[in-house]
1. Mean-square fluctuation check for the chain, GNM, Cα pairs under 10 Å: which of Ile74, Ile45, Ile180 is largest?
2. About the Cα centre, and with charges only on the beta carbon of Lys, Arg (+1) and Asp, Glu (-1), how big is the dipole of the chain? Nearest 20 debye, please.
3. Assuming R0 = 22 Å, can you tell me the calculated FRET efficiency for the pair His138 and Ala283, based on Cβ-Cβ distance, to the nearest 0.05?
4. With θ set to phi - 60°, apply the Karplus curve 6.51 cos²θ - 1.76 cosθ + 1.60 along the stretch 180-188 and write out the HN-Hα couplings as whole Hz, x wherever there is a Gly or Pro.
5. Which one of Val88, Gly99, Ile74 has its Cα pushed farthest toward the positive end of the charge dipole of the stretch 1-114, where Lys and Arg give +1 and Asp and Glu give -1 at the Cβ?
6. Separation between the Gln274 and Ala53 pseudo-spin-labels, each 7 Å from Cα along Cα→Cβ, expressed in nm?
7. Students often forget the sequence filter, so: which aspartates and glutamates lie under 13 Å Cα-Cα from Lys238 once same-chain residues fewer than 8 apart are removed?
8. Average the reciprocal distances over every distinct pair of alpha-carbons in the stretch 16-128, invert the result, and give the Kirkwood radius in Å.
Amino acid sequence: MNEATLGGRFTFPGTSLTVHRIGYGAMQLAGPGVFGPPKDPDGAIAVLREAVASGVNHIDTSDFYGPHITNQTIRQALHPYPSGLVIVTKLGARRPADGSWQPAISPQDLTDGVHDNLRDLGLDALDIVNYRAMGAIHGPAEGSIGEQVTVLADLRRKGLIRHIGLSNVTAAQVAEAQAITEIVCVQNNYNLAHRHDDALIDDLARQGIPYVPFFPLGGFTPLQSSTLSAVADRLGTKPMQVALAWLLHRSPNILLIPGTSSLAHLRENVAASQLTLSPQTLAELDEIASEAAPAKH
């Protein structure tokens, strides 16, 4: 794959880490509910290897996926890692035996989490670690994250972490973290239908900081989904490809990490960067966020 087919390149600020704008999110490599082993371990390894062979050099993961399973699968598939591969992991949660998601935000929790990631990925230091704030049900919740970011900054000084990012955070939390240490990326819920982070994306772009949206098709109403599907049908492509292409067009600092356990979906996601959206189509897609829910009768 050439650079154009992967959306071009972006360098994390203050680092030597340069990635293609279409990466890969490894969450779906675990079992149902992101818990336990995958139904098809060989298939999970095949997806990872094809992603890298396609030119993907940005993999998003966490040791609480599985837990441990996803990172162990990445290590089995790709270690020793190819030169230039950037693995971004995250801390802030744990998965007890019941499969629930529980916060893991104490200094000891975060330190243990770094060591878990290092062990299961087979690394001496982690390229980028995102602190994921647990937030509210529907997104980030305000509140200080200073203690947690300070712990990560200390682990960075010890050489266990090279760079620090944030996930599921507000603009105020980004500013708080930046007063403590350099922040090299922000990962939040954002897509065609949920554009609450528009101002934050633009502010980060001015600073040269990448924004990494998760759930590129999450939370659409039926009306919003039907509009997206209609555009995709007209272009002879899939809704997910249109949604990913729109994100690439939205701002040059957006990096994508679509996840899948399917080779066919992986190929579709990688191909999304080849999709050209006309100004008219972009304007039509921009209207999706403002579409009202279906009228009640």
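1. Largest GNM mean-square fluctuation: Ile180.
2. Values: 21 positive and 28 negative charges, 80 e Å.
Computed charge dipole of the chain: roughly 380 debye.
3. Details: r = 28 Å, r/R0 = 1.25.
Between His138 and Ala283 the formula returns 0.20.
4. Once rounded to whole Hz, the list reads 9, 7, 6, 10, 9, 6, 10, 10, 9.
5. Highest projection toward the positive end goes to Val88.
6. 1.7
7. Candidates past the 8-residue exclusion: Glu268.
8. Working: mean 1/r = 0.0702 Å⁻¹.
Final number for the Kirkwood radius of the stretch 16-128 is 14.2 Å.
Rule-based calculations on the coordinates, nothing more; no lab input. If you're wondering where the values come from, they're calculated on a predicted model, not measured in any experiment. Reconstructed Cβ throughout: ideal geometry from the backbone, glycine too, with neighbour counts over all protein chains shown.
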